[in-house]
Amino acid sequence: MKGRTMIYIYSRIKGWWGRTGFIDKAMSMVTIAILILFLVLFALIAQGNLGLLIVKSDSMSPSIQAGSLLVFARAGIEQVEIGDTVVFREGSATNSLVTHRVIEKAYKKGEFLLRTKGDSNHRSDELLVSEAQLMGKATTVIPSAGRALAYTKTPAGLLVLNLLLVVFMVLVMFDRIRLSQRMAYVATEGALVNPIVAGEDERVSGEG
């Protein structure tokens, strides 16, 4: 039963692939890839393994520019090493997040504490970072992606997204029209050729 189902799905996909134009195929592949990426990313975020942060200052410049989208992995303070870039809360009672580099790791009063500093700052941060403040370690930085993500939430950004959607729909429509015309042309060519072939077959059979 499973084998028949897989064969049926494969035949349907193969048939759809043969009937679609280049733009449809390209857009479909890009859309599927983006959906898979976002599904995996949000699944990890939902499980608490990853977090996202839009960098708003240049304190970590030039390694991390303002407007970048930073992905960080949840980590305990024991897993952090000197030189790691970490994300932490400025205070235990605030939601403001900071991304700085660890320059010292100390053990005081029975717990590990981190001394941090922005790469472009002249001095280290005044307060040490505790386990309760630590959110995780930076794993990936996507330049300008945070700025683009924030822009999509503005009225101008929403307008641009709508315009891009309209352009995409127009391109797909023209691609399908062109494909339909090509298929109609092929069908017409076949209709013109078949009577000739049939006539030749009849003539050959009559001569025989």
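Which order do the peptides 98-111, 57-70 come out in when sorted by mean C-beta neighbours inside 10 angstrom, highest first?
57-70, 98-111
Each residue of segment 104-111 in order: what ³J(HN,Hα) in whole Hz does its phi give by Karplus 6.51 cos²θ - 1.76 cosθ + 1.60, θ = phi - 60°, with x for Gly and Pro?
Result, ordered by residue: 7, 10, 10, 10, 9, 6, x, 8 Hz.
Taking 7 Å along the Cα-to-C-beta vector as the label spot, tell me the Ser96-Gln79 distance in nanometres, rounded to one decimal.
Roughly 2.7 nm, to one decimal.
Please list, in order along segment 131-138, the HN-Hα scalar couplings obtained from phi with the Karplus expression 6.51 cos²θ - 1.76 cosθ + 1.60 (θ = phi - 60°), rounded to whole Hz, x for Gly and Pro.
4, 5, 8, 5, 9, x, 10, 5
Pull out the extension gain between Leu171 and Val40, defined as 0.36 nm times the separation in residues minus the alpha carbon to alpha carbon distance; nm, one decimal.
44.2 nm
Assuming R0 = 22 Å, what is the FRET efficiency of Asp119 and Tyr151, from their Cβ-Cβ distance, to the nearest 0.05?
0.30
Once phi is turned into θ = phi - 60°, what whole-Hz ³J(HN,Hα) does the Karplus curve with 6.51, -1.76 and 1.60 give for every residue of segment 145-161, x standing for Gly and Pro?
5, x, 5, 5, 5, 5, 5, 5, 8, 8, x, 5, x, 5, 5, 4, 4
No lab work stands behind these numbers, since they all come straight from the coordinates. Just so you know, these numbers come straight off a predicted model, no measurement behind them. Cβ coordinates were reconstructed from backbone atoms using ideal geometry, including for glycine residues, and neighbour counts include every protein chain displayed.
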